[in-house]
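Here the structure is laid out as structure tokens; the discussion comes afterwards.
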């Protein structure tokens, strides 16, 4: 009987968590788009969206409705099956990786311990990498299936770019993994508790970024390239490729690519927060309920900072040229990643001897 | 669990057949990805979580991307069926029969699940790393050197004569 109730509780708990997380993520994605338009407008001395709702706050809703009601044009010579599949693949894969992201500690409810995470996989990081590595197909196939020149170029460029930068992405993380000795995203955060002291005074939080600055740099630059954002947004270089891999997509299929891109940004920012910036760790005070909610707030704040940084860069930097992009990825970022792994392993071996 | 095994085994077999039967190269490649992912699920069911995700990252996420990329670059649309292979005409049917007989014998002589005593599974990141870098370090490094040589050879062959 108790076991039966336990199984039921687990099912209900998981469903509730999945619904809440998906709702929050979709809303976050919608408002990151709004934020981006507002911040970029601010950088360029404009107002940005202003008319739909106060300060344009209902603009994402209006955009969504617009996408829904637009005509869905399918190109005549497109490979229909793959043409339909690509946006769904992009959308699904973008939302899968959130399943292993922990966004807080755990709390007690009705005598059960509830972790603030959909599921704690002991190889969570590999799961995220597996899911994101499949994301290449959606872009490559979208570019190919439309049977049109510019999308094909966009698709080819992005496949080459994502394969190249995926290596650096993985290498940037290896240093952190060697320090924490686990692939679980919850386990990666635990060693970052506490402070470094100088003369007895807490001085720096024990975040991995202070131990692995080079690793963080490599990871974050590669992550920007993986999510196809400025200054690495060559797959959608509108000036030379009309639009890039999604040129021939319209209506909600285009919106799905759009949403997937922003969801990927959120995932990458979550990973950066967990791996390098102590995840949900931060000052705790007040009654029990506040101690449960505060970590979630710290986590969201850190992720927000990364997202803001993304947008800030978009408003500031120009786009790379394609040969520069490849040269930078293979000749600068990858060696730096190797250097970081080598250095970290030497230090660890020296400390252990 | 057994039901899941049969479902994904069926998926793998059907997808595998499609790899061979599809006329368009891109479709063959995509079905091959389905095969690899179905196999990854089988690994998961065996409890080898690490191997499952490595399978997806390496095969589906890296190697097959290159396949798809090359197919897209060559823009290969339709494969023309050829009837030129004398070898396949004469040896194909006997080889298939031989394979089927072999599988039949293997299934027939299987003692049943009760008699199989699998050793404890050592497939986590720690034990795999341990095996690769301690017990099998020489074969592992030799293989990587071999692959490097192959890559160099491909680069030399592909380089244009100036």
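Remarks
- Applying the criterion of being within 13 Å of the chain's Cα centre (by Cα) and at the interface with another protein chain (Cβ under 9 Å from one of its Cβ atoms) to the residues of segment B:31-51, the residue that is nearest to residue A:137 (Cα to Cα) is B:33.
- Among residues of segment B:122-145 being within 14 Å of another protein chain (Cβ to nearest Cβ) and under 22 Å from the mean Cα position of the chain (by Cα), the one that is modelled with the lowest pLDDT is B:123.
- Residue under evaluation residue A:186, criteria (1) out of contact with any strand residue (DSSP E or B) (no Cβ under 8 Å at 6 or more places or on another chain); (2) at pLDDT below 90; (3) part of a helix (DSSP H, G or I), criterion not met: (1)
- Tally, over segment A:146-180, of residues that are more than 30 Å from residue B:126 (Cα to Cα) and either crowded, with 24+ Cβ neighbours inside 10 Å or at the interface with chain B (Cβ under 8 Å from one of its Cβ atoms) (or both): 11
- Any hit, segment A:263-277, residues being assigned to a loop (DSSP other than H, G, I, E, B), surrounded by 17 or more Cβ atoms within 10 Å (Cβ to Cβ) and in contact (Cβ under 8 Å) with a residue 12 or more places away in the chain: yes
The values are calculated or read from the model by the stated rules, or taken from the named source; none is laboratory data. Worth saying up front: this structure is predicted, and the values here are computed from it rather than measured. Glycine gets a Cβ as well: all are built from the backbone with ideal geometry, and neighbour counts include every protein chain shown.
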